[in-house]
Every structure is written in C-alpha cells, then in structure tokens.
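Chemist: Okay, handing you the structure first.
The values are calculated or read from the model by the stated rules, or taken from the named source; none is laboratory data. Predicted, not measured: the structure shown is a model, and the values here were computed from it. Note that each Cβ is placed from the backbone with ideal geometry, even for glycine, and that neighbours are counted across all protein chains shown.
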Amino acid sequence: MTSATTLNDEAAAPIRPPRLLGLYLFLIIIAAIEAFEGLSHLPMLFGDMSEIPGPGVGGAIIKAYVFSHPVLALAALGFATVGRLHYAVIALGALVLMNWLNYMPSVVRHGFDFSGISAFQTPVQIVAFPLMAACAIALATRKERLGLATLLVSIPTLIDVLTVIVNMLGVIVFAIGIMIYGF
C-alpha cells in the first residue's frame with residue numbers, strides 16, 4: 001500500500017460516529033415535525049390579532065410562543081442537519097419550555113383542570129415536560145448523554161403525534177360506523 005491510498009481511505013471516513021447518526025436523523029424528524037406545526041400557526045400573527053386570546057401579559061406570552069415556535073424549530077432543524085446535536089437539543093428544549101410558558105396564562109386564569117383526560121395531560125404538560133426539557137438542556141450544555149437528552153426533548157412531540165393519530169383513528173372508526181349502520 002502506498003501512502004496515497006492510506007490518505008484516501010482516511011478522507012473517506014465518516015465525519016460523525018455511526019452510533020450518533022441515528023440521533024441526528026431522529027432529531028431532524030422531530031425538528032421537522034415541530035417546524036411544520038410552528039409554521040402552520042405563524043399566520044395567526046399576521047391576521048386579526050383578536051384571534052390570539054388574552055390581554056396584557058398573557059396575550060404577550062402567547063404571541064411570543066407563536067412567534068418563537070417556528071424559529072426554535074427551524075434552528076433545531078438547522079443544527080441537527082449540520083451536525084450540531086447538542087445545539088439542536090438545546091433549541092428543542094427551549095421550544096418545550098416556551099410551550100410550557102404558553103400554558104401558564106390559562107393555568108393562572110382558570111387553575112388546573114383535572115377532569116377527564118386532563119387528569120393525565122395537565123400534570124405531564126405543566127410539570128413533567130418542563131423538567132425533562134431542563135434536564136435535556138443541562139445534559140446538552142455539558143455534551144453528556146446526548147441520546148438521553150434527545151429522548152427527553154422528543155417525548156412531548158411524540159406524544160402530540162400519537163394524540164393526533166389516535167384522534168384520526170377515532171374519526172375513521174366513527175365514519176366506518178356511520179357508513180355501516182347509518183346515522
């Protein structure tokens with residue numbers, strides 16, 4: 001073997017370790033889902049401002065969330081695409097914290113709702129998700145356990161996607177029942 005062959009073999013080596021490639025792809029998918037959701041809500045800021053509920057500080061928090069959602073999601077998508085895993089996790093963690101902050105005006109105004117499905121959903125969204133995001137941000141800042149940090153910031157998005165799928169299945173089952181038995 002010549003030294004030129006050895007140099008070509010070293011140049012062809014992957015930049016990212018293979019074990020992290022799955023995390024990059026997973027974060028790209030999660031960030032893309034969040035970016036789509038954030039961009040779909042962004043026109044609300046350019047339309048009639050009366051659509052955004054709440055006067056004063058509560059309304060300002062909601063507007064800040066609507067504006068920051070696509071910005072943070074696109075930042076996470078960009079960081080994950082260029083290989084900055086810890087920055088992508090930090091951006092998604094900030095997005096989860098902004099989502100938590102978005103719920104606070106409603107919690108302050110109406111209190112906690114523990115009836116029906118909210119008995120499970122409220123503690124998770126108000127307590128568990130922000131704690132998971134804070135832990136993920138701390139891990140990503142220290143560049144430790146990036147797999148765990150990725151999982152922690154991805155769980156809220158995965159639960160939202162699962163909720164949408166379950167709701168769509170319910171509508172499909174209802175439509176099939178109507179088609180079979182009539183109304």
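Chemist: Looking only at the stretch 80-90, filter to residues that are outside any loop (DSSP other than H, G, I, E, B) and in contact (Cβ under 8 Å) with a residue 40 or more places away in the chain; which one of those is nearest to Arg142 (Cα to Cα)?
Modeler: Here the answer is His86.
Chemist: Something else now. Within the stretch 18-26, is there a residue that is modelled with pLDDT under 85 and either exposed (fewer than 11 other Cβ atoms within 10 Å of the Cβ) or farther than 18 Å from Gly147 by Cα (or both)?
Modeler: yes
Chemist: Scan Met132, Met168 and give me the residue that is part of a helix (DSSP H, G or I) and surrounded by 14 or more Cβ atoms within 10 Å (Cβ to Cβ).
Modeler: Met132
Chemist: Among the residues of the stretch 140-159, is any within 25 Å of Ile90 (Cβ to Cβ), within 16 Å of the chain's Cα centre (by Cα), assigned to a helix (DSSP H, G or I) and of a type in the set (D, E, K, R)?
Modeler: no
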